1. Every residue in the stretch 52-74 that is in contact with a helix residue (DSSP H, G or I) (Cβ under 7 Å, 6 or more places away or on another chain) and outside any helix (DSSP H, G or I), please.
2. What tally of residues in the stretch 203-223 results from selecting those that are farther than 16 Å from residue 256 by Cα and buried (at least 19 other Cβ atoms within 10 Å of the Cβ)?
3. Whether any residue in the stretch 166-173 is in contact (Cβ under 8 Å) with a residue 24 or more places away in the chain, in a loop (DSSP other than H, G, I, E, B) and closer than 30 Å to residue 288 by Cβ is what I want to check.
4. Starting from residues that are in contact with a helix residue (DSSP H, G or I) (Cβ under 6 Å, 6 or more places away or on another chain) and in contact (Cβ under 8 Å) with a residue 60 or more places away in the chain, keep the ones in the stretch 248-274 and report whichever is surrounded by the most Cβ atoms within 10 Å (Cβ to Cβ).
5. Filter the stretch 101-115 down to the residues that are crowded, with 17+ Cβ neighbours inside 10 Å and either at pLDDT 90 or above or more than 13 Å from residue 169 (Cα to Cα) (or both) and list them by number.
6. Among (1) surrounded by fewer than 14 Cβ atoms within 10 Å (Cβ to Cβ); (2) at pLDDT 80 or above, which single condition is residue 308 missing?
7. Quick check on this structure: which one of 43, 31, 56, 17 is modelled with pLDDT of 90 or more and either over 15 Å from the mean Cα position of the chain (by Cα) or closer than 23 Å to residue 158 by Cβ (or both)?
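The values are calculated or read from the model by the stated rules, or taken from the named source; none is laboratory data. Every value quoted in this text rests on a predicted model; they were computed, and no experiment measured them. Here the Cβ positions follow ideal geometry from the backbone for every residue, glycine too, while neighbour counts run over all protein chains shown.
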């Protein structure tokens with residue numbers, strides 16, 4: 001009986017351990033861009049991974065998020081109680097995102113306009129206020145953060161968590177169903193390569209030039225990706241653009257030069273939020289349009305078959321004497 005129960009729970013346990021491991025590994029990568037106290041970064045991928053894991057496997061994997069957050073913060077938190085408080089905030093945020101998205105009827109396929117809007121506001125911008133407030137408040141109460149540093153730290157924390165959901169979660173939701181296309185011509189591959197190269201080149205130029213207006217140059221490439229490759233192209237492009245912008249903000253170069261931390265985080269949040277919203281909204285609109293077109297074609301084919309069948313039956317019926 002015990003072995004049977006263990007066998008039933010083994011997949012869940014393995015999933016929880018995998019979520020914890022991914023949380024810890026990506027947190028270490030995110031901390032490479034830390035801006036405050038060695039633990040507050042403008043990109044926190046674990047939050048995006050946590051929301052994706054909850055959407056795909058359900059709320060039963062939340063212990064993996066808590067374990068991963070504890071493993072990361074145990075070595076960088078100022079005190080034991082502050083570590084526990086930060087872990088609670090880091091766990092509550094993705095769980096609240098999941099509950100709000102689930103309540104809104106979110107589709108993991110991101111195939112509707114309402115799904116894109118819900119992910120931005122209910123999944124990213126709203127619930128991440130929880131972790132930013134709990135984390136920054138905890139650092140302030142523990143004496144690790146001065147009163148003057150509260151709002152800049154809060155802005156970095158909120159930006160990091162929100163960006164994790166906006167750029168990482170859609171990417172993970174897309175690649176789970178992505179398959180190698182069976183029959184794609186060389187022109188399509190050439191177009192995809194040109195899109196990737198030009199997006200990276202223009203984003204690098206825009207995020208390293210002193211003129212902030214050059215950031216708008218990336219949006220034609222997001223539109224290109226959305227219309228030509230839909231979710232499979234727009235999600236990676238948005239991830240690449242946002243990552244390069246975050247790296248530039250961490251170095252305080254280009255449009256993030258000569259500004260204070262709070263101003264840079266507001267600029268980064270506005271830019272990356274617009275990038276994610278543009279990519280998500282356009283792809284869902286294109287997907288809905290294509291799905292409607294396919295449904296119309298299917299109904300027209302059914303109607304044509306019905307008319308043809310009826311005509312055939314009418315010709316087969318002998319005329320009455």
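1. Residues of the stretch 52-74 that are in contact with a helix residue (DSSP H, G or I) (Cβ under 7 Å, 6 or more places away or on another chain), as a first pass: 52-55, 57, 59-74.
74 - this is the single residue of the stretch 52-74 that is in contact with a helix residue (DSSP H, G or I) (Cβ under 7 Å, 6 or more places away or on another chain) and outside any helix (DSSP H, G or I).
2. Initially, the stretch 203-223 is screened for residues farther than 16 Å from residue 256 by Cα, giving 217-223.
Keeping just the survivors that are buried (at least 19 other Cβ atoms within 10 Å of the Cβ) gives 218, 221-222.
Qualifying residue count for the region: 3.
3. At the first step, the residues of the stretch 166-173 found to be in contact (Cβ under 8 Å) with a residue 24 or more places away in the chain are 166-173.
Next, only the ones that are in a loop (DSSP other than H, G, I, E, B) stay: none.
No; the residues of the stretch 166-173 include none that is in contact (Cβ under 8 Å) with a residue 24 or more places away in the chain, in a loop (DSSP other than H, G, I, E, B) and closer than 30 Å to residue 288 by Cβ.
4. Checked the stretch 248-274; the qualifying residue surrounded by the most Cβ atoms within 10 Å (Cβ to Cβ) is 249.
5. First, pick out the residues of the stretch 101-115 that are crowded, with 17+ Cβ neighbours inside 10 Å: 101, 106, 110, 112, 115.
Once the filter is applied, which keeps residues that are crowded, with 17+ Cβ neighbours inside 10 Å and either at pLDDT 90 or above or more than 13 Å from residue 169 (Cα to Cα) (or both), the stretch 101-115 yields 101, 106, 112.
6. In the conditions (1) surrounded by fewer than 14 Cβ atoms within 10 Å (Cβ to Cβ); (2) at pLDDT 80 or above, residue 308 misses (2) alone.
7. On the way: 43 fails: modelled with pLDDT of 90 or more; 31 fails: modelled with pLDDT of 90 or more; 56 fails: either over 15 Å from the mean Cα position of the chain (by Cα) or closer than 23 Å to residue 158 by Cβ (or both).
Criteria check complete, one pass: 17.
Condition check ((1) touching a helix residue (DSSP H, G or I) at 6+ places or on another chain (Cβ under 7 Å); (2) touching a residue at least 24 places away in the same chain (Cβ under 8 Å); (3) outside any helix (DSSP H, G or I); (4) surrounded by 21 or more Cβ atoms within 10 Å (Cβ to Cβ)) across all residues:
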residue	(1), (2), (3), (4)
21	no, yes, no, no
24	yes, yes, no, no
30	yes, yes, no, yes
43	yes, yes, yes, yes
76	no, yes, yes, no
